[in-house]
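Quick notes on the structure that follows.
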Amino acid sequence: MQLALTLEKIVKRYGATTALGPIDIEVRQGELLTLLGPSGCGKTTTLHIIAGLTTPSEGRLLLSGRDITNLAPPYRDIGLVFQNYALFPHRTIAENVAFGLRMRKVPKPEIVERVRRILEVVGLPNVEERYPNQLSGGQRQRVALARALVIEPSILLLDEPLSNLDALLRKKMRLELRDIQQRLGITTVFVTHDQDEAFEMSDRVILMNGGHIEQIGSPEALYDSPQTRFAASFIGEASLTPCRIVEAAGEDVLVDVGADIKVRAKAARDIAGPGSRALLMTRPERVSLTEPDAKGAVPTTISKRVFQGERILFDLTTDGGHVFQCSVPSVEKHRAMQPGLKVGALLQECRIIPEA
Amino acid sequence: MTRDNGNGGGVFGAALMTPIGILYLFFLILPIGYFLSLSFLTYSAQQMFVPDPTLDNYGRLILDGYYRRIIFDTIRVSLIVTVISLVCGYALAYFLATMKSGLRGIMMFLIIAPLMTGVIVRTYGWIVLLGTDGLINLLLVSTGIVDKPLAMLNSEKTAIVALVHIMLPYMVFPIFSSLVAQDPHLVPAASTLGARPFRTFLEVTLPLSRSGIVMGSVIVFTMTSGSIVTVDLLGGRELTVMGQLIYQLIMSTFNWPLAAAVAALLVLCQFVLISYYFRKTRRGY
């Protein structure tokens, strides 16, 4: 796999506090890599280090094998789309998009042609002569994208580009952005705190927390097998129940969640042997309901019921006081179930996560 | 984008304008109108003016070389002061805008502090500094750089230096506001697109601070062209401006009709230059 960009042991310190790292990231040619995490996790700092707007305290940055750690932004060949778009308010759309080409001394007729073409790619023809404040949020977003793309950078960086759009437009733009990225085959690093965006758009996701990397993987891998407590609770809905490992054979483990309830689960790497404590992760949609005394089911009582329209969310409490969330389709059988009812919970595709 | 005026916004707006409107009418427009109307009356040594309509006052200002020189000097010096204040003020404002906020507060205070004393006090400050036995001459003579004290007072250059010093805050603050109001992401955006720092300044920062430049220059130009005391105390015989002329005509010569004509001409000059400037610098977005 060819690498477009490599971050080697990048560290960013502000005074005595380490804001980021050390982190290692490899961006593959043509992929859309997402940096996902809560605010303050270091994802934007990482992006600014790649763009050259922030200088790392330590580490190296390689763009197609070339060391660009100390190269100033104008010489980096990187396109960046800002969260607030940062369009030049005193310039028309055409002038905004042409800016990077002018700085590169591209001949005028070619500039005109390339601006026209890229505005078509982002789906914004006929706005050349307007000013940014005459466009809607979605249109400005496209202009910002066009302005970054028109210089044909080796890497496109997107800093929460959808967060200023309303919910409906955001969903539409996600798919469109992904579509443009794939059509142009441009290597992209995308920063977001929104896991839905990360899931829908990315080839790979890097989950960050507190300035370090929690986990790297495909969206599916991150959802299915979180490796840490943070990963499990940040991504998707999860019930985390303390448990004790009874048997461990490779990935497959048997755990005891107390009150003599035993559950089979798959373990993440680095799980300690039998007798040690761990966390049992269940996803609400992977818990199904059955008779309280059914084989393999955990006997529970419904303690809470939330009607969500197409689904119903139950809190299932065991005699030991553990709570499993359970999300089931909103069909008649489930609608009739009310708090207080005793049910059996079938826990499927459970995961064991280290306690720390 | 549409502007929402709301229902009855016009009436409400008019109501808000009433108090200041009345104040302006009785204490500004009427007295100034009365005074300016004197410029069309005939001067009389005995009665100050007699109600014979005439354009002689204006004719004299335009035809007499002495007055023409004063009008020309006023505009020239005001333009010079405005340009120097703009260059120095922009640098200072830029410096302030890029500064950390703690230090910035102290700097702002230092810039505002002179405004707390009067123009006369500040002008005397320059006399103390530049006089024959002033601080600078004392230093120059005692260190042997010059044999006898330099005559720095009573020259046009000194008046210009002092005027720039007095006007600087009025230039700095509008520009400073227009700089800090800019989206801080624009400069990094330009740099990732390939613009080097100076180019970014020319293409982004400078054009976007236009409103501050325009406001600052207009304030400084207007105030300088109307200044009296500073030029009077520091300009000596070399420089006379219209403000001084009006003062002399009213207080010593008692030729109010001519004074009114000078005042009218001064306002007209300011108005014409400022509206031309506004037109030239109107933003297109």
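What follows draws every value from the coordinates through simple rules; no lab data is involved. Worth saying up front: this structure is predicted, and the values here are computed from it rather than measured. Don't worry about glycine lacking a Cβ; one is built from the backbone with ideal geometry, like all the others, and counts go over all protein chains shown.
Taken over the C-alpha atoms, the stretch B:36-280 has Rg and Dmax values of 22.2, 76 angstrom. Counting every other Cβ atom within 10 Å of each residue's Cβ, A:ARG28, A:ARG91 order from fewest to most as A:ARG28, A:ARG91. With the simple spin-label model, which puts each label point 7 Å out from Cα in the Cβ direction, the B:SER275 to B:ALA91 separation comes to 3.6 nm.
Between the Cα long axis of helix A:93-103 and the first principal axis of chain A there is an angle of about 70°, rounded to the nearest 10. Relative protection proxy for A:211-222, B:264-275, B:108-119, from highest mean packing down: A:211-222, B:264-275, B:108-119 (other beta-carbon atoms within 10 angstrom). Shown for B:MET167, B:MET99: other C-beta atoms within 10 Å of each C-beta, ranked fewest to most, produce the order B:MET99, B:MET167. Only the Cβ atoms of Lys and Arg (+1) and of Asp and Glu (-1) were treated as charged; on that basis the dipole of the stretch B:74-210 about its Cα centre amounts to roughly 200 debye.
Working note: 222 nm ellipticity from helices only, DSSP H runs with n ≥ 4, each -39,500 (n - 2.57), summed and divided by the residues of chain A, gives -7000 deg cm²/dmol to the nearest 500. Note on A:71-84: average number of Cβ atoms from other chains within 10 Å of each residue's Cβ is 4.
Counting every other Cβ atom within 10 Å of each residue's Cβ, A:LEU87, A:LEU124 order from fewest to most as A:LEU124, A:LEU87.
Using the Cβ-Cβ distance between A:GLU152 and A:LYS172 with R0 = 25 Å, the FRET efficiency computed as 1/(1 + (r/R0)^6) comes to roughly 0.45.
For the peptide A:143-152, the mean number of other protein chain Cβ atoms found within 10 angstrom of a residue's Cβ is 1. Shielding value for A:92-103 is 3, the average number of Cβ atoms from other chains within 10 Å of each residue's Cβ. If you plug the beta carbon distance of A:LYS262 and A:VAL331 into 1/(1 + (r/R0)^6) with R0 = 25 Å, you get a FRET efficiency near 0.25. Each residue of chain A gets 168 Å³ once the volume of the Cα convex hull is shared out per residue. The P(r) of the protein assembly as shown has a tail past 42 Å containing 52 percent of all C-alpha pairs.
Note on A:ARG183/A:GLN2: beta-carbon distance plugged into 1/(1 + (r/R0)^6) with R0 of 22 Å gives a FRET efficiency of 0.65. Against the main long axis of the alpha-carbon atoms of chain A, helix A:137-149 sits at an angle near 70°. Between B:ILE106 and B:LEU63, the simple spin-label model (points 7 angstrom out along Cα→Cβ) gives 6.3 nm.
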